[in-house]
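**Student:** First the structure, which I've put down as structure tokens, then a few questions once you've had a look.
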Amino acid sequence: MNRRVLHIVLPLVTGALLLTSWHVAVKLSGSDIFPTPQQVLAGLGELAQQGLLLKYIVASLFRVSWGFIAAVLVGVPLGLILGWFRPAYAALNPFIQILRPISPIAWIPVAILWFGVKDTAPVFLIFLASVFPITVSSMAAVQNMQQVYLRAAQNFGLGGLELFRRVIFPAALPQIITGIRIALGVAWLVVVAAEMIAVNSGLGYLIIDARNAGKRYDLVVAGMVMIGLIGLVLDVLVRRLEKFDEVRWGYGQR
């Protein structure tokens, strides 16, 4: 069996085993609260018929897109600058390391105070959650760059912006992509938490609203399943960037 087929078959078999185990566990427990896979699937169908499923998915993706794109546009250039210019690193790195460990969830009251209960609040939280991993990974990519690249560039007389464009950025790109991938996962986590508190739409809102409105745990788990599936799709899309020739050389191949 070739590798491509194996990568398709193994997840399908594992998924089938997990779904079967889930169904059997619910039946053996005699629980009338926690749903079976069939009940969750029915809940997804109900949401789709009402037009809510697509609406909530689009709302969550909209917030993630804006916050994450802003984080990339700020984090990558900032990280490259801090990684290359030591005075800038000395001046700003301590403040980055102070702000970075603060959970984005802790910023929710501040975000609501500043922006109110609307889309700007979760977008701000997603930006905060994403910008620090991207900045740190970009910074580390420059600082850990192999010196042979710089020596070769200097031998060819490269300097200034040309050195950044043709040597530093391409050499740092594989590690930057890894940081972007990690940051996207964090952003998806944060948007769900923020939607439970700061807005009245999205998959996070679906979960908290289904729990409060008659304890519809089939819809709660349906929302959780959609969050996981969309997170998988987003990770696969980011990993596609690793296939480009400009990036692929930086990853070990097996």
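**Student:** When you check G30 against the structure, is it surrounded by fewer than 18 Cβ atoms within 10 Å (Cβ to Cβ), at pLDDT below 90 and out of contact with any Lys or Arg (no Cβ under 7 Å at 6 or more places or on another chain), yes or no?
**Tutor:** Judged against the criteria, G30 is a match.
**Student:** Does the stretch 82-113 hold any residues that are assigned to a helix (DSSP H, G or I) and aromatic (F, W, Y), and which are they?
**Tutor:** Passing the criteria: W84, Y89, F95, W107.
**Student:** Select from the stretch 23-45 the residues that are of a type in the set (G, A, S) and more than 30 Å from K55 (Cα to Cα) and write down the one among them that is nearest to the chain's Cα centre (by Cα).
**Tutor:** A25
**Student:** I've got another one for you. Which residue is modelled with the lowest pLDDT, if the candidates are limited to the stretch 1-27 and must be over 30 Å from R216 (Cβ atoms) and β-branched (V, I, T)?
**Tutor:** Only one residue tops the list, namely V5.
**Student:** Separate question: In the set V220, V199, which member is among the aliphatic types (A, V, I, L, M), over 19 Å from the mean Cα position of the chain (by Cα), surrounded by 12 or more Cβ atoms within 10 Å (Cβ to Cβ) and modelled with pLDDT of 85 or more?
**Tutor:** V220
**Student:** Filter the stretch 166-194 down to residues that are at pLDDT below 85, more than 27 Å from N144 (Cβ to Cβ) and crowded, with 21+ Cβ neighbours inside 10 Å, then give me how many there are.
**Tutor:** 3
**Student:** I69 - would you say it is in a helix (DSSP H, G or I) and either more than 19 Å from the chain's Cα centre (by Cα) or not basic (K, R) (or both)?
**Tutor:** Answer is yes for this residue.
**Student:** Okay, moving on. Tally time: how many residues in the stretch 53-71 are exposed (fewer than 15 other Cβ atoms within 10 Å of the Cβ), more than 15 Å from V123 (Cα to Cα) and not basic (K, R)?
**Tutor:** Residues meeting the conditions: 1.
**Student:** Sticking with this structure for a sec: Please enumerate the residues belonging to the stretch 114-165 that are outside any helix (DSSP H, G or I) and at pLDDT below 70.
**Tutor:** Within the stretch 114-165, F156, G157, L158, G159 meet the criteria.
The values are calculated or read from the model by the stated rules, or taken from the named source; none is laboratory data. Not measured: the values here are computed from a predicted model. As a convention, Cβ positions derive from the backbone with ideal geometry for all residues, glycine included, and neighbour counts pool all protein chains shown.
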